[in-house]
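Heads up, the thing below is written out as structure tokens.
Only the coordinates and a few stated rules stand behind these numbers; no lab work does. In this text the structure is predicted, and so the values were computed from the model without any measurement. Counting neighbours? That spans all protein chains shown, and the Cβs are built from the backbone with ideal geometry, glycine included.
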Amino acid sequence: MMTGPVTAKVIAELLSRYRLRCGTEDELHDAIQRVFFAEQVGFVSEFKLGPHDRIDFVVGRVGIECKVGGGLSDLTRQLWRYAEHEDIDELLVVTTRQAHLSAPRRLYGKPVLVHALLAGIG
């Protein structure tokens, strides 16, 4: 269970206590959702930020994006759009891609944390 202020770092630390096995984004999404249920974390899944923007999860004011595939430039464009929204104060990327470790660490003044699910990375 999470205690204290909800931040991207706190959520990443919570997720790091679990072995999240996944081959697809849907499997990763489901695995994270199971952790949130098990830990009694309040969250919204598939949170609609606008007509064309839907982020995988929002916990408090932290937006969480799950990534199993895709390149860094696509992820960065997505994060730029998400960071524009007033409902989001921080972004957390949960990824299986080493390339995503190079994502920007701040967008529109909002922190971006990348949590890698790769053995020996993160």
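The condition (being within 22 Å of VAL6 (Cα to Cα) and crowded, with 20+ Cβ neighbours inside 10 Å) is satisfied by just one residue among VAL44, VAL35, VAL112: VAL112.
Which residues, counting only those in the stretch 80-109, are under 27 Å from ARG21 (Cα atoms), of a type in the set (Gly, Ala, Ser) and either touching a strand residue (DSSP E or B) at 6+ places or on another chain (Cβ under 8 Å) or surrounded by 20 or more Cβ atoms within 10 Å (Cβ to Cβ) (or both)? ALA103 - this is the single residue of the stretch 80-109 that is under 27 Å from ARG21 (Cα atoms), of a type in the set (Gly, Ala, Ser) and either touching a strand residue (DSSP E or B) at 6+ places or on another chain (Cβ under 8 Å) or surrounded by 20 or more Cβ atoms within 10 Å (Cβ to Cβ) (or both). Here the condition is being surrounded by 19 or more Cβ atoms within 10 Å (Cβ to Cβ) and either under 22 Å from ALA103 (Cα atoms) or free of Cβ contacts under 8 Å to residues at least 12 places away in the same chain (or both); of THR76, THR7, it holds for THR7 alone. Reported count of residues in the stretch 68-107, each being within 15 Å of the chain's Cα centre (by Cα), in a helix (DSSP H, G or I) and hydrophobic (A, V, I, L, M, F, W, C), is 6. Checking GLU25, GLU46 one by one, the residue that is touching a residue at least 40 places away in the same chain (Cβ under 8 Å), under 23 Å from ARG77 (Cβ atoms) and within 12 Å of the chain's Cα centre (by Cα) is GLU25 and no other.
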